[in-house]
Every structure is written in structure tokens, then in C-alpha cells.
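Student: One structure follows; several queries about it will come next.
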């Protein structure tokens with residue numbers, strides 16, 4: 001699989017987040033690649049009080065300030081890692097949180113990293129998928145547009161069919177935050193069983 005080009009991530013995270021649905025998140029591990037298609041995302045925008053970029057650039061959030069197409073990983077609740085894709089031009093902190101993927105490749109390695117009763121339970125949440133793919137803060141700043149990186153996002157060669165099968169694309173408010181919680185910036189494939197949580201939502205037909 002070929003990585004998505006850097007130009008893919010140059011628009012706002014609000015545009016990139018739904019477009020990522022169906023493309024593959026790939027983790028290169030010593031035993032081989034693992035991962036699967038992305039089925040749920042959330043956008044965090046410049047000036048967004050829920051974003052880690054809010055309030056200015058610091059050591060912790062520096063990757064969010066660009067350039068686009070790089071990885072930003074942070075820790076929540078002192079235990080769970082979350083992986084994000086940096087968007088927009090340098091100096092404009094925006095990112096897409098990858099909330100869920102369908103576990104398709106390297107299930108044995110993923111189960112070793114995060115024992116789970118079913119493949120769905122392996123990766124149906126942002127902390128779960130990071131544990132299963134062995135994603136932690138050491139991957140902050142890696143180039144997601146390089147197939148030799150420890151983590152990259154690949155173009156799905158069967159993108160259109162996958163989206164038809166798992167569609168429609170749905171949009172809802174974001175999950176697990178208190179600031180700017182009413183913004184409709186969560187996107188997911190309504191037909192996927194791997195989404196972290198279904199929501200009362202409307203089809204985002206304009207992005208199909």
C-alpha cells in the first residue's frame with residue numbers, strides 16, 4: 001500500500017477527518033505490519049478550546065503546529081495513548097484523532113499487545129487501538145507519509161467499495177470532552193461494527 005500524500009493533510013482537520021475514513025492505519029512492527037482501515041475520526045481545530053493546540057505552542061503540543069502529515073500522540077487519564085494526524089499549514093494547530101480502526105492485518109501481534117475477546121474489542125476506541133498497535137509517545141513526530149515509518153496511513157486501493165459497504169458516513173458531536181462538546185466534528189462509517197460508540201446522527205452526504 002502507498003502512503004497518502006502530504007497534500008492530503010493540508011486542508012482543515014474538519015475536511016480531512018471524514019476523508020480519512022476507509023484508508024488504512026499501518027503500524028510497522030519487527031514481526032510485520034498490523035492495522036486496518038480507519039472507521040472513526042474526530043477533528044480538532046485552530047482556536048478550538050478542546051484542542052491540545054489551544055493556548056499556544058508548547059513542548060508537549062509542538063507537533064500540532066506542523067508541518068502536516070505527521071503524527072501527534074498524547075496520553076489521557078495517565079494511561080491511554082491517543083494518535084492524531086496533523087493537518088493544515090505550519091503554525092495552524094489542527095489535528096484528526098483516530099478513534100477506531102477495523103482490525104484486519106497482524107491480529108496475532110495486536111492480541112499480544114492488547115488481549116481482547118474479539119477482533120472488534122481490539123481496536124474500537126482510541127486508547128484500545130493505540131495499545132493494540134503499540135503506539136505511544138515515542139511515535140510523536142513520525143512521518144505518516146513515509147511507508148518506512150513505524151506508523152503511516154496508506155491509501156486503500158479498494159476505497160470506494162469499502163466506503164459503500166460500510167457507509168453511510170455519519171457525523172455527530174465529539175465524545176468524552178466537556179469543552180466545545182456540541183461541535184459536530186466526529187465522523188464514522190455507520191455500517192462498521194468497530195466504531196467506539198453509535199450516536200444519534202445524520203448522514204454527512206455532502207462528503208461522499
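Student: Enumerate the whole-percent occupancy of each 10 Å bin, from 0 to the last occupied one, for all C-alpha pair distances of the chain.
Tutor: 9, 39, 40, 12, 0
Student: Which of rounded, prolate, oblate describes the range 62-113, given a ≥ b ≥ c as roots of the alpha-carbon gyration tensor eigenvalues and a/c under 1.5 marking rounded, otherwise prolate only if a/b is larger than b/c?
Tutor: prolate
Student: Summing -39500 (n - 2.57) over the DSSP H runs of n ≥ 4 in the chain and dividing by its residue number, what mean residue ellipticity at 222 nm do you reach, to the nearest 500 deg cm²/dmol?
Tutor: -4000 deg cm²/dmol
Student: Tell me, how many Å apart are the Cα centres for the range 182-196 and for the range 21-45?
Tutor: Taking the Cα centre of each part, the range 182-196 and the range 21-45 sit 15 Å apart.
Student: Can you give the relative contact order of the range 6-207 as a percent, counting alpha carbon pairs under 8 Å and 6+ residues apart?
Tutor: Relative contact order comes out at 25 percent.
Student: A further question follows. Which order do peptides 50-56, 158-164 fall in by mean Cβ count within 10 Å, highest first?
Tutor: So the order, starting with the most tightly packed, is 50-56, 158-164.
Student: Relative contact order of the range 6-55: what whole-number percent is it, with Cα pairs under 8 angstrom and at least 6 residues apart?
Tutor: The value is 30 percent.
Student: Roughly how many Å is it from the Cα centre of the range 125-160 to that of the range 48-70, as a whole number?
Tutor: Centre-to-centre distance over Cα atoms comes out at 18 Å.
Student: OK, next. I'd like the projected area of the range 103-199, averaged over all directions, using the convex hull of its alpha carbons. Report it in nm² with one decimal.
Tutor: Its Cα hull, projected and averaged over all orientations, spans 7.7 nm².
Where a number appears in this text, it was derived from the coordinates with a stated rule and is not lab data. Keep in mind that what you see is a predicted model, and the values were worked out from it rather than measured. Cβ: placed from backbone, ideal geometry, glycine included. Neighbour counts: every protein chain shown.
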